[in-house]
Structures are given as structure tokens and as C-alpha cells.
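The values are calculated or read from the model by the stated rules, or taken from the named source; none is laboratory data. Owing to the predicted nature of the structure, the values given are computational and were not obtained by experimental measurement. Note: ideal-geometry Cβ built from the backbone for every residue, glycine included; neighbour counts use all protein chains shown.
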Amino acid sequence: MLTLYGETVSSRLLLGTAQYPSPKVLGEAVKASGTQILTVSLRRETAGGGTGGQFWEMIRELGLRVLPNTAGCHSVREAVMTAKMARDLFGTDWIKLEVIGHHDSLQPDVFGLVEAARILSDDGFKVFPYTTEDAVVGEKLLEAGCEVLMPWCAPIGSARGPANPDALKSYRAHFPDTPLVVDAGLGRPSHAVQVLEFGFDAVLLNTAVAKAGDPVAMAKAFAGAVEAGRLAFEAIPLEPRDMAVPSTPVIGMAVFE
Amino acid sequence: MKLIINGESQEVTSATLALLLEELAYDHDFLATARNGDLVTAEDRSACQLQSGDRIEILSPMQGG
């Protein structure tokens, strides 16, 4: 079981709701994933009947916890305002905080991130910061009031998987008691297995499922992956060895000379 | 009066933000609103008096990652 800001969930997969081929596929993928937390966003609505209401009705019918994001915000002011509007709209004080520092890499602006996290935490928000795997930044985020950290493993939507596995392992070791969610950059279930084996508590992904050839099947594959990765972590995997070590006992071998 | 609504200049007659949403036929069960960069909660919209030149943001839920 995983506890995030006092809320316990059984699924270690947090799923985004964007880029699916249709609302129907989104709904089926969500169910196949077993997720209990969905990320959502907010944008300008058009007058006289936009699509936001329909989307929100559908998400509400799924009956899951929502985690609104501040995706696309490039300044502290934008991110804080978006978070406040999200709290009013979605009725939750959870916020996935993104302060983007670069248009191309979508790398977090960690300085703005820490500042925004402090402002929002002081205002009662429960902040889920999208950050890098820099442990010093992680410490500053905890000092700012965050109780969860969400380091990337590769750029958003890149599907590359862990670009710096050693840094992620160090990050896990540095924050033994903080819930850690790998957010962004995962492409395949094997990537999710890998970071769960490292001891990360959960993964947050979107594109890897939504843009797969069969999003519903991929959602199911990721559900299995996070379960397998967590079980493996708890079972304490064998460390790699430099030399071969026979698995079959050599004692008692027959002699045919 | 003229307001800037979601980045576009528009001529409207409503005196409050709540009335503006009615005038423009927004489905206001699913909206978050701001006036001049400050949040206006759902319950505060009726009391939110509009002035010419106000910048209004009207947001709704959408898909996100």
C-alpha cells in the first residue's frame, strides 16, 4: 500500500488522461490500469458549450481521486494561480506542480518550483512537485513543505526510460522515508519495473499508455509491471556479480576418466 | 463595456461575473474564474463587480498528464 499525504492507495500507478484516441479508450485504459489517481488539467473554456464539462463528467463517473496539474506554466505566478483555480474547480488541495524552465526539454525550473511549492504549501496545498533527480533540490522541496517528490527519469513524453539510473538509485537512498514517484519519461513497462525495483514507490505516466498501439492493453501491462517491480524490490534482488557462479552444485560429480 | 475575456476583447453588458457567465452561455458548473489575475471562487462570482477593461479568465477541466 502507498500513502500520499495521508491517503492510502493500493495501485502504484498514477495515470494521465491526455492524448487518448477517444474518451471511450481513456475510460477503458483507466480501468485496465487499476489506477486510483488520475491527473487532469485546466484550460480556457469556449463560450456556449465547450468540452470541459463532458470530460469532467466522465472523470467523475470513474470515481477516482484526481491530481490536477499546472502543466505549461513557466513562472511561479502562473503556476500558483493555476493551482488556486484548480483547487476551486476540482475541489482538491492536491496539486501536481510543474514550473517549466525550458520549452524544448520541458525541464523543470527548479528554482521557481521550490518558490511555488513554498507558497502553495503555506496556503494549504498538498504539493506533488515534478522535479529533477537532484537531491539538493529535493531537500529544498521538503523544506518548502512537500511530503512527496516526483523526479523525472527522462524528458516528458520522450519514452526513453531511466536516463540516469545511478542518480535515481542515489535519490532513493537519499530520501528513505519520503514517498517518491517517478514522473515523466517512462516508455515501456520494463522501465516501470526498473524504477520500482530501485525502490521508488510509484510511477506517473501518460504518453506511454495513451500513444501505444493498444492503450488498453498497455495500461494492463503497466499495471503488471508496477506490481512485479514492487514485489521484486521487497524480495531483495540479487546484486550483479563479476564472475560466473554455478547454480548447480559441483559437489558429488561423477568421474568418468 | 469592453472586457478582455480569455485573451480576447469582447463587448458585454453584465455587471457581475456571475451574470457574465450567463450572458455568454457558459456551463458554469465546471468553471474556474479569475479577474485581473486573482481567483474568483464560484461563490464569489455574484458579488464580483466588473469594470471596463477587466481581464477575465474562464477555465474548465481538460485532459492532462
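When the range A:214-246 is limited to residues that are basic (Lys, Arg) and over 20 Å from A:Thr8 (Cα atoms), the one that is surrounded by the most Cβ atoms within 10 Å (Cβ to Cβ) turns out to be A:Lys220. In the set A:Ala135, A:Ala184, which member is among the aliphatic types (A, V, I, L, M), in contact with a His (Cβ under 9 Å, 6 or more places away or on another chain) and in contact (Cβ under 8 Å) with a residue 40 or more places away in the chain? Only one candidate qualifies: A:Ala135.
Considering B:Asp27, B:Asp44, which residue is within 19 Å of A:Gly91 (Cβ to Cβ), surrounded by 11 or more Cβ atoms within 10 Å (Cβ to Cβ), at pLDDT 95 or above and over 11 Å from the mean Cα position of the chain (by Cα)? Going through B:Asp27, B:Asp44 in turn, the sole match is B:Asp44. Tallying residues that are buried (at least 17 other Cβ atoms within 10 Å of the Cβ) and within 14 Å of another protein chain (Cβ to nearest Cβ) within the range A:113-145 yields 5.
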